[in-house]
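Working notes, structure below.
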Amino acid sequence: MFFSIIVAISTVFYAFLTWGLVSETRKMRKVQTEPNVYLFIEPRDEHNEITDLFIQNIGLGAAYNIGFDVLSDYMYYESKERSKKYWASGVRILEDGIKYLAPNQKKRIFSTSFNDVSEFNLKNHLEINIIYENSMGIKKEFTFPISFYEIPANGMTTISDPFERRLVNSVEKIEKDTHIISSKIGNHIDGLRENEK
């Protein structure tokens, strides 16, 4: 009788343990096939004042029928003639959506420059709602607030005045061009010396 009770308890325990393992395996399989689409901003290394907005699928599964709803708009570029302003809500990829985004696939949506956009406000933010489906057609929905003032200090230019930035860029270009010219002159002189020999 005692042995039968022990066997019954052991059977219940192993059944519970097996159920737990099956449940965990199912969760792991789901994670390995689920997409995870998100938005983020990243300053460029070569031009600190330029920031790109990316959409990326960091999940292990593909995302389908990705749609975007701009909840809080943002002007990311203004033409030099001041005749046209470009808003995030007008970006084609945000209007039309994306049919398919593979695992680890990344797309740059637009770039913005703190110096080119005169009406740029660091307290301004872009808020986008993303809806997408997994391979089983199950929908997911997330809202992403993109705050440009949260960019790390090393990702932002210390020169806020557009004239100053253009001046610095011009000086850097002159230095680069001067170096190229001096190298060519040096090579030409070396060539003449070789010919004289």
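See the values below:
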read-out: Flag if Asn169 is in a loop (DSSP other than H, G, I, E, B), over 19 Å from the mean Cα position of the chain (by Cα) and at pLDDT below 85; value: no
read-out: Where Leu94 falls short, out of the listed (1) among the aliphatic types (A, V, I, L, M); (2) at pLDDT 90 or above; (3) closer than 16 Å to Ile50 by Cβ; value: (3)
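The values are calculated or read from the model by the stated rules, or taken from the named source; none is laboratory data. Here the structure is a predicted model, which is why all the values come from computation and not from measurement. Here Cβ is always computed from backbone atoms with ideal geometry, including for glycine, and neighbour counts include all displayed protein chains.
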